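All remarks here apply to the structure that follows.
The values are calculated or read from the model by the stated rules, or taken from the named source; none is laboratory data. Computed from a predicted structure; not experimentally measured. No Cβ is skipped: glycine too gets one built from the backbone with ideal geometry, and neighbour counts run over all protein chains shown. Accessible surface is based on the protein model in full, side chains and every heavy atom, while ligands, DNA and RNA are left aside. Shrake-Rupley method; radii C 1.70, N 1.55, O 1.52, S 1.80 Å.
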Amino acid sequence: MRFDNIIIGGGLSGLVAAIESQKAGRNTAIVSAGQSALHFWSGSFEFLGESGGATVIDKPLAAARALPTSHPYRKIGLEKLPRLLSRVAPLLGEAGIKVRGTLERNHYRLTPLGFFKPAWLTLDDYLTLDDPSQLKGKRIAIVNIRGFIDFFPRFLKYGLAAHGADVYTAEIDIPQLETLRRSTTEMRATNMSRTLTGAAIDGLARQTDLVARGADMVIMPAVLGIFSDKPVERFRQTVETPVHFIATTPASVPGVRCQLSLRDLFIRLGGTFMPGDTVERGEIEGNRVRRIFTRNFGNLSLEAENYVISTGSFFGHGLIANIERIYEPVFGLDLNVDGGRELWYDEDFYAPQPYMAFGVITDSLFRPSKEGTTIENLYATGALLAGFNALKEGCGAGITLATALSAASRIV
């Protein structure tokens, strides 16, 4: 089978690159192994949140100037980043994902454990603040559903109270959840979201109204709307007090919704989505990828003019580590891994770990190399790339989106 462009990986980076390619009229296919890091999504995308793992960044674009030239943001070019990333919110909106935020200044979003972290874009039904001091004197109701253990009201109460809020907790219940409650393994956010539709949403809203009287806002676990945000809107319109949601232990409802919504947009545009498949190898001839082979298609190859590899880092199996080496499994691409296993980590658990910055080496256009030779029609994006530490810098989503859009601009 032949396409104009093939995207290897169906996570955030792969989906965005594929959507942009298909919108430009290029016949595009995604080969997706299945669950991606989006299933762990907090509801926020960060661009650049921290410096050295300690200093919180207020103005991320200005702070990006201090990054090393090998950093993906610097490779794209700081003057290009705002223009490139201005396309993110409209693209997400086209998929039905409403976000707010600006690159000019980070806002603060509330984490499931009650901390506030800087973010670039956040779902519009989540709590965001210009500064946590805005909570001082606010009366906040933290409302959980009886029997739901993937939400942590005590941690949230402690974190909010530390900023001067008057916080109390409450539990609610509706009969429609009784079947799930027979087993604690069924009382998960994604399962509950399938049950909480129609009259169940209205019943949940009535119970919330009863316990939220006198509160300035309600904070609840994100258990509504796995397929769209319509249940969320229905609930928020029914409850008199403003409601904000918090993502729960994975799989998170907003994360699954985001992936499904982007996938559906890609398919509506005419793209070909191949779920539950893995690219096992690719053939390179004359500095170009000629074809790839997947587990499901066996000896039947997939061919394209251009390829984008967005398979993630260790979590997504875009990088594989064993006792002897770290490698990229599809093409055997060059990595920035130096030395033996003893140099992969720091014995100080809280120090920046070297392996977190391991990834595929690319040129300025994000074309990777193999044995020192650049592959002309292959582009690498997202967590697979070398040169940054997403955890310590708070930049994972920004790099995922920026490099996806950069690759898309090349393949169209």
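Here are the numbers for the structure shown:
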{"item": "The range 370-384: number of residues that are within 17 Å of V308 (Cα to Cα), out of contact with any Ser or Thr (no Cβ under 8 Å at 6 or more places or on another chain), open to solvent by 10 Å² or more (accessible area, probe 1.4 Å) and not hydroxyl-bearing (S, T, Y)", "result": "2"}
{"item": "Within the range 118-177, tally of residues that are open to solvent by 20 Å² or more (accessible area, probe 1.4 Å) and of a type in the set (V, I, T)", "result": "3"}
{"item": "Any helices (runs of 4 or more DSSP H) falling wholly within the range 1-113 and containing at least 2 residues that are under 27 Å from F358 (Cα atoms) and not hydrophobic (A, V, I, L, M, F, W, C)", "result": "12-23, 72-76"}
{"item": "Scope the range 347-369; condition surrounded by fewer than 13 Cβ atoms within 10 Å (Cβ to Cβ) and at pLDDT below 90; matching residues", "result": "E347, D348, F349, Y350, A351"}
{"item": "Evaluation of R290 against (1) of a type in the set (K, R); (2) in contact (Cβ under 8 Å) with a residue 40 or more places away in the chain; (3) open to solvent by 70 Å² or more (accessible area, probe 1.4 Å) (one fails), failing number", "result": "(2)"}
{"item": "Within the range 395-412, considering residues that are in a helix (DSSP H, G or I) and open to solvent by 40 Å² or more (accessible area, probe 1.4 Å), the one nearest to G101 (Cα to Cα)", "result": "S409"}
{"item": "Failed condition for I326, given (1) within 24 Å of L12 (Cα to Cα); (2) surrounded by 13 or more Cβ atoms within 10 Å (Cβ to Cβ); (3) in contact (Cβ under 8 Å) with a residue 40 or more places away in the chain", "result": "(3)"}
{"item": "Residue in the range 63-86 that is of a type in the set (S, T, Y), surrounded by fewer than 15 Cβ atoms within 10 Å (Cβ to Cβ) and under 20 Å from the mean Cα position of the chain (by Cα) present", "result": "yes"}
{"item": "First in the range 73-98 and within 18 Å of T381 (Cα to Cα), second anywhere and basic (K, R), Cβ under 7 Å, 6 or more apart", "result": "L78/R65"}
{"item": "In the range 342-397, the residues that are among the small types (G, A, S), more than 23 Å from the chain's Cα centre (by Cα) and farther than 28 Å from G282 by Cβ", "result": "A351"}
{"item": "Lone unmet requirement of (1) buried (at least 21 other Cβ atoms within 10 Å of the Cβ); (2) more than 15 Å from the chain's Cα centre (by Cα) for L38", "result": "(2)"}
{"item": "Inter-residue pairs, beta-carbon under 8 Å, first over 13 Å from I219 (Cβ atoms) and touching a residue at least 60 places away in the same chain (Cβ under 8 Å) and in the range 127-152, second open to solvent by 60 Å² or more (accessible area, probe 1.4 Å) and part of a loop (DSSP other than H, G, I, E, B), 6+ apart", "result": "D150/R188"}
{"item": "Condition check for R206: at pLDDT below 95 and surrounded by fewer than 20 Cβ atoms within 10 Å (Cβ to Cβ)", "result": "no"}
{"item": "Test: residue in the range 259-270 that is touching a Phe, Trp or Tyr at 6+ places or on another chain (Cβ under 7 Å), surrounded by fewer than 17 Cβ atoms within 10 Å (Cβ to Cβ) and closer than 30 Å to V330 by Cβ", "result": "yes"}
{"item": "Members of the range 329-362 that are free of Cβ contacts under 8 Å to residues at least 12 places away in the same chain and among the charged types (D, E, K, R)", "result": "D338, E342, D346, E347, D348"}
{"item": "3 or more residues touching a residue at least 24 places away in the same chain (Cβ under 8 Å) and small (G, A, S): qualifying helices (runs of 4 or more DSSP H) within the range 164-225", "result": "199-211"}
{"item": "Search result, residues across the range 114-148 that are farther than 24 Å from V211 by Cβ, of a type in the set (S, T, Y) and either touching a Phe, Trp or Tyr at 6+ places or on another chain (Cβ under 8 Å) or part of a strand (DSSP E or B) (or both)", "result": "T122"}
{"item": "Residue in the range 127-139 that is modelled with pLDDT under 95 and within 30 Å of A199 (Cα to Cα) present", "result": "yes"}
{"item": "Selection within the range 233-250 - open to solvent by less than 60 Å² (accessible area, probe 1.4 Å), in contact with a Pro (Cβ under 9 Å, 6 or more places away or on another chain) and not in a loop (DSSP other than H, G, I, E, B)", "result": "F245, I246"}
{"item": "Pick from the range 313-323, criterion open to solvent by 20 Å² or more (accessible area, probe 1.4 Å) and in contact (Cβ under 8 Å) with a residue 12 or more places away in the chain, ranking: nearest to G11 (Cα to Cα)", "result": "G316"}
